[in-house]
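Enquirer: Below is the structure I would like to discuss, written out as structure tokens.
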Amino acid sequence: QVQLVESGGGLVQAGGSLRLSCAASGRTFSSYGMGWFRQAPGKERLFVAAINSNGIGTMYADSVKGRFTISRDNDKNTVYLQMKSLNTEDTAVYYCAAARGAGLFGTTGSFGSWGQGTQVTVSS
């Protein structure tokens, strides 16, 4: 089992930037892929970005491609989501998740452990 704790959310103006962090403990961090998802009020949880276990492979939702960057530091057991050019549609609770395997995954069912979420609010 993996325990995940997100941080870095907050209130930012449109056009601004934020960096989310997710600290992991439990299983060997370098053995599994990681992902970020987000959920706006009244909507389903959606895929944002994923990274494989060694950090070489990444994948993004079309809505964030070119604006968000996922990365990981396996020495620090931490995955990051750098978000730039934020707009009001990015407002949501952001969740990090640990995959069941080492590859790239984009569906909620591929992830076995979830953090508690961190709120990101973008004001116009």
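Enquirer: Looking at (1) over 21 Å from G9 (Cα atoms); (2) out of contact with any helix residue (DSSP H, G or I) (no Cβ under 7 Å at 6 or more places or on another chain); (3) of a type in the set (S, T, Y), which is the only condition T91 fails?
Expert: (1)
Enquirer: Here is a follow-up. Check the range 57-74 and report whether any residue there is assigned to a strand (DSSP E or B), closer than 19 Å to T88 by Cβ and either without any contact (Cβ under 8 Å) to a residue 40 or more places away in the chain or open to solvent by 20 Å² or more (accessible area, probe 1.4 Å) (or both).
Expert: Yes, the range 57-74 contains at least one residue that is assigned to a strand (DSSP E or B), closer than 19 Å to T88 by Cβ and either without any contact (Cβ under 8 Å) to a residue 40 or more places away in the chain or open to solvent by 20 Å² or more (accessible area, probe 1.4 Å) (or both).
Enquirer: In the range 31-56, what residues are open to solvent by 60 Å² or more (accessible area, probe 1.4 Å) and outside any loop (DSSP other than H, G, I, E, B)?
Expert: L46
Enquirer: Might you check whether a residue that is under 17 Å from L4 (Cα atoms), open to solvent by less than 60 Å² (accessible area, probe 1.4 Å) and either of a type in the set (K, R) or touching a Pro at 6+ places or on another chain (Cβ under 9 Å) (or both) occurs anywhere in the range 106-120?
Expert: No; the residues of the range 106-120 include none that is under 17 Å from L4 (Cα atoms), open to solvent by less than 60 Å² (accessible area, probe 1.4 Å) and either of a type in the set (K, R) or touching a Pro at 6+ places or on another chain (Cβ under 9 Å) (or both).
Enquirer: I would also like to ask the following. Could you please give the count of residues in the range 21-49 that are farther than 13 Å from A92 by Cα and either aliphatic (A, V, I, L, M) or within 11 Å of the chain's Cα centre (by Cα) (or both)?
Expert: Final tally of qualifying residues: 7.
Enquirer: OK, next. Would you check if there is a residue in the range 77-91 being touching an Asp or Glu at 6+ places or on another chain (Cβ under 8 Å) and of a type outside the set (A, V, I, L, M, F, W, C)?
Expert: The answer is yes; a qualifying residue exists.
Enquirer: Further, regarding this structure: Scan the range 75-90 for residues that are surrounded by fewer than 20 Cβ atoms within 10 Å (Cβ to Cβ) and either acidic (D, E) or over 17 Å from A23 (Cα atoms) (or both) and jot them down.
Expert: D75, K84, S85, N87, T88, E89
Enquirer: Do we find a residue being buried (at least 18 other Cβ atoms within 10 Å of the Cβ), within 21 Å of S110 (Cα to Cα) and under 14 Å from the mean Cα position of the chain (by Cα) anywhere in the range 10-19?
Expert: no
Enquirer: Taking the condition of a type in the set (A, V, I, L, M), at pLDDT 95 or above and in a strand (DSSP E or B), does V120 pass?
Expert: When the stated conditions are applied, V120 passes them.
The values are calculated or read from the model by the stated rules, or taken from the named source; none is laboratory data. Bear in mind the structure is a predicted one, so any value in this text is a computation, not a measurement. Cβ atoms come from the backbone with ideal geometry, glycine included; neighbour counts cover every protein chain shown. Please note that ligands, DNA and RNA were not included when accessible areas were found on the heavy atoms of the full protein model with its side chains. Shrake-Rupley method; radii C 1.70, N 1.55, O 1.52, S 1.80 Å.
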